[in-house]
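Worksheet: one structure, shown below.
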Amino acid sequence: MSLSVLSDSSASPRWIARSGALAAAAGAGFLLWVLVLQVLRGDLSWTQAQLSQYLHGPYGLSLRVAYCLLALSMSLQALALQASLVVNARSGVTLALFWASALGLATVAIGDSYLPQYAPDIALPVHLLSAQAAFLCVIAAIALQSWRFRADPHWRRHAGRAGALAAVAFLVLFAHVVLRWGPRGLGQKSAIVLIVTWLVLIGLHLARGPGAALTVRSRDNASESTREEP
């Protein structure tokens, strides 16, 4: 006699789909608000001002809240994504990278809310370290996850597009950080848009139900096998 943990035959477990929908909504909302801020913040040059400058001044609190919501949705999405993959395609390293990036993003937002007033000497170092860690971890996470998609029968068909988008995001970030090409604000914002777009697209795939692995346990032989949903 066997006990099975089953989900709907055409969709992921409900929490996975909901996490994907939340990630897609949070990412799309974040991008939309960033776009709106380019118009509302007439005191900042949209090509020269990096996004961190929008954390202060008018509407700064709203952007800090958006950072935290994006960090939360990214954390849930990373967990849901690993659960949606077959065992061979899962990676604890990828999950840790996503969570580290989310922590860095939230630290930027929360730190910029309090540290400039209460600990001005460490405010800038904390901001720079957290922001750099967030960028480094998330670009590594989306690149590694795109590669790991190749090991999953369902996600394999998305691996090429996901990998291409991750590669472009990496190149833009490399040009911005290392080569220092182009306007500083435009380079950073372009990298952010590409990264969040990756998260939104993967979130949409999760929301549609990419076929979570189903684990079957047997009382007779204590063996464990895994099959995928169609």
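The values are calculated or read from the model by the stated rules, or taken from the named source; none is laboratory data. Remember, predicted model here, so these are calculated numbers, not experimental data. A quick note on method: Cβ atoms are made from the backbone with ideal geometry, for glycine too, and the neighbour counts reach across all protein chains shown. Just so you know, the surface numbers come from the protein's heavy atoms only, side chains and all, with ligands and any DNA or RNA stripped out. Shrake-Rupley method; radii C 1.70, N 1.55, O 1.52, S 1.80 Å.
A few remarks follow.
- Among Ala169, Ala102, Ala123, residue whose mean-square fluctuation peaks in a GNM of the chain (springs only between Cα atoms under 10 Å): Ala123
- Taking a point 7 Å from the Cα of Val126 along the Cα-to-Cβ direction, the residues of the stretch 79-105 with backbone N closer than 18 Å to it are 101-105.
- A crude spin-label estimate for the pair Arg180 and Asp43, with each label 7 Å from Cα along the Cβ direction, gives 2.7 nm.
- Solvent-accessible area per residue in the stretch 57-158 equals 48 Å², computed with a 1.4 angstrom probe and all protein chains kept.
- Helix 156-177 and the longest principal axis of the C-alpha atoms of the chain enclose an angle of approximately 20°.
- Charge tally in the Cβ shell below 14 Å around Leu201, where Lys, Arg are +1 and Asp, Glu are -1, Leu201 excluded: +3
- Neighbourhood net charge (15 Å Cβ-Cβ; Lys/Arg +1, Asp/Glu -1) for His56: 0
- With Cα atoms, 0 to 90° folded angle of helix 120-148 axis to the chain main axis: 40 degrees
- By average C-beta atoms within 10 angstrom, highest first, the peptides 187-194, 56-63, 26-33, 112-119: 187-194, 26-33, 56-63, 112-119
- Rounded to the nearest 10 Å², the accessible area of Thr107 at probe 1.4 Å: 50 Å²
- Convex hull volume of the Cα atoms of the stretch 1-132, normalised per residue: 146 Å³.
- Relative to the dominant Cα principal axis of the chain, helix 184-208 is inclined by about 20°.
- Per atom type, the chain shows carbon and sulfur on 67% of its accessible surface, probed at 1.4 Å.
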